[in-house]
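Have a look at the structure below before the remarks.
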Amino acid sequence: MTAYILRRLLLMVPVAFLVTVGVFMLIHLSPGDPALVILGEDRTPQAIAAIHQQLGLDQPLYVQYGIWLGHIVHGDWGRSITTHEPVAAAITERLPATLELGIVALVWSLLVAIPLGTIAAVRRGSLTDQVVTGITVAGVSIPNFFIGIVLIFVLSVTLRLFPFGGYVPLLQNPLESLRHVALPAIALGTAGAAINMRFTRSSMIEVLNLDYIRTAWAKGASWRRVVFVHALKNALIPVVTIVGIQIGGIIEGAVVTETVFTWPGVGRLAVESIFNRDYTVVQGIVLLAAFSYMLANLLVDVAYAWLDPRISYA
Amino acid sequence: MSNATVIVAAQQPFRRTPVELLDLVRSHRRVTVAALLLGLLVLVALLSPVISPHDPLAVNPDNSYLPPLSPGHLLGTDELGRDLLSRILWGARVSLPVALVAVAVGLIGGGTIGMISGYAGGAVDLLLMRLMDALLAFPGLILAIALVAALGPGLRNAMIAIGIVAVPLYARLVRAVVLQLKPMEFIVATRSIGASPLRLVVRHLIPNLVNPIIVQVSLSAGFAILAEATLSFLGLGAQLPTPDWGQMINTGAAFLTNDPWLAIVPGAAISVTVYSFNLLGDALRDALDPRLRT
């Protein structure tokens, strides 16, 4: 197992290098000069040259990349062009809100997906199964920002059951925090719920056809015991994989959901920074999103090998 | 006929002609339903200049915020008095071409990379696949947003960005199939009778890629429409006054309390379109590979 993890980590090195090159190049693909954004109206040639020198833009590209990477590795992700706040601090400040939203969305998706996926698998071919299968395709087809808008209209504006917008930190007031996070989490978690439902269903069908389940039936075990004790545990292994990848993709989903619900997280910061042409912040967020995605993929592979001893990665 | 030529003729397990594809659509109910739905959407997009009751850009402040089922305006009007039905119909002319272009960028770019990678092998394969891994390391939507942020907002850049997101998916898919086909006897035999690499690729490899690719095309067209709507909703895709569904939701969200249909109708349009593509992809996957049917 250790050798496998080391091999996976080594394979990540060239990919991580290419990812940093890609993120670094983002600012150089952009039209216009960052110095002009920073200076606004005060654009004398001397001031532009000073900013170029300050940001290292007068250096050759590979030198700029080397300096930038050195700073990134040392935790210096640069400063926001518009607010002058350190990028790492700006992201860290907003990360708890995004993580809370992402985790509640994930819990919601699993609470819906595992029971429905299991029922669909047990009653394969029935009307229930067809409805669940229909929901899985619909769940990934409806844009999460549209789900958010419908939820706001029905549950917040019309029925006034949930507040619209506003973030209460979990540790400050857990109950109020959950009331505020409920709608954005449902909007964010619905696509994940559909995917997890599909995985639970197909994995459960596969497991229910295995010999050891037939033996359990033959021994006279109740269906509850067969499904929940014997089958579900093994059926959830592939679901763990997909859930791990969803954790890595929290920032991706949060970009839109946070914008709809004016949620003060990293996703909304990304959108605001794009409109302010604050490329250093955008770079930081894209880098964070890519690395958390890569890390999640690595952890999923390791978890998969650990959870299922039949899998050998020799 | 030499032995090698017989093998070439006999072993082409996955090749499908357009006629066979049509049979496939006819013989599977889910494929038929999805294909009909998509056919209808394409027809709407093509005929929107003819079937739209009004000019989608015509502003008429006297008629603003008319509710659905108003005389002359079946789905009502928006804040500028523009007919919502006409804007929805014209919106199909924005969304479907985006899907087409984005899929073409992904398919041509990724397909070429996958073909070269799988066919050449060795260092070329290693280098190209690490590049694809790096692209796959970015969550799809984040990559699309980052690219549009860098290239500048607009429909053209959105299409390119969404296409680039699809490149590694096609590259990996095509490479995997090519690697699977390469050692097969009909490919070895084709090589042994002196076929040029170009002939091998065009006549033998590409036709065998049709099955997996049509499934991926359908699914990535759904993603492309969803991603374009998301980018436009965020203000990074189609710009005003283009009648774009994502952008219409963005504008309509501001009037949710009194005029919810302004956001709900375009939302439903996006959902139905993406659903049709996903349903087709799903149904085709089941029809083409019964082992996956669970």
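None of the figures in this text is laboratory data; all of them are computed from the coordinates on show. On a predicted model such as this, the values are computed, not experimentally measured, just so you know. A quick note on method: Cβ atoms are made from the backbone with ideal geometry, for glycine too, and the neighbour counts reach across all protein chains shown.
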Taking just the alpha carbons, could you work out the radius of gyration and Dmax for region B:23-152, both in angstroms?
21.9, 68
Taking a ≥ b ≥ c as the square roots of the eigenvalues of the Cα gyration tensor of region A:6-103, is the shape rounded (a/c under 1.5), prolate (a/b larger than b/c) or oblate?
oblate
Could you please rank A:MET204, A:MET1, placing first whichever residue has the fewest other Cβ atoms within 10 Å of its Cβ?
A:MET1, A:MET204
Could you tell me the center-to-center distance, by alpha carbons, between region A:30-104 and region B:200-269 in angstrom?
32
Once you have a ≥ b ≥ c as the square roots of the Cα gyration tensor eigenvalues for region A:264-304, tell me rounded if a/c is under 1.5, and otherwise prolate or oblate according to whether a/b is larger than b/c.
prolate
A:ARG79's amide H: which non-local residues (gap 5+, or another chain) put their own amide H closer than 5 Å, with H modeled 1.01 Å from N in plane and none for Pro or chain starts?
A:VAL87
From the P(r) of region A:126-214, could you give the percentage of C-alpha pairs in the tail past 23 Å?
44
Residues listed by number, region A:4-29, amide nitrogen under 11 Å from A:VAL302 label point at 7 Å toward C-beta:
A:4-9
Relative contact order %, chain B, counting alpha carbon pairs below 8 Å whose residues are six or more apart:
25
By the DSSP-based rule, helices of chain B that are at least 18 Å long along the axis (C-alpha) and have a mean Kyte score of at least 0.5 are B:29-51, B:84-120, B:122-136, B:155-181, B:206-233, B:261-288
Based on the inverse mean of 1/r over its pairs of different Cα atoms, what is the Kirkwood hydrodynamic radius of chain B, in Å?
21.1
Give me B:ILE264, B:ILE193 sorted ascending by neighbouring Cβ count inside 10 Å, so fewest comes first.
B:ILE193, B:ILE264
Mind pulling up the Rg/Rh value for region A:176-290? Radius of gyration and Kirkwood radius, both on Cα.
1.20
Mind listing which trypsin sites (Lys or Arg not before Pro) in region A:1-105 are in a DSSP loop and have 15 or fewer other Cβ atoms within 10 Å?
A:ARG43
Here, the protein assembly as shown modelled as identical Cα point scatterers in vacuum has Debye log10 I(q)/I(0) at q = 0.08, 0.11 Å⁻¹ of -0.65, -1.23
Considering the Cα positions of chain A, please state its Rg to one decimal place and its Dmax as a whole number of Å.
23.8, 86
Over the Cα atoms, compute the radius of gyration (one decimal) and Dmax (the largest Cα-Cα distance, rounded to a whole number) for region A:31-180, in Å.
24.4, 74
Taking only C-alpha pairs under 8 Å that are 6+ residues apart, what is the relative contact order of chain A in percent?
24
Take the Cβ-Cβ distance between B:SER70 and B:VAL272 as r, set R0 to 25 Å, and report the resulting FRET efficiency rounded to the nearest 0.05.
0.65
Globularity index of region B:121-243, i.e. its alpha-carbon radius of gyration over 2.2 N^0.38 Å:
1.33
Note on chain A: helices (DSSP H) long enough, at least 27 Å by alpha carbon along their axis, and hydrophobic enough, mean Kyte-Doolittle at least 1.6, are A:2-29, A:87-122
Whole-Å distance, taken between Cα centres, linking region A:138-199 and region A:255-314
20
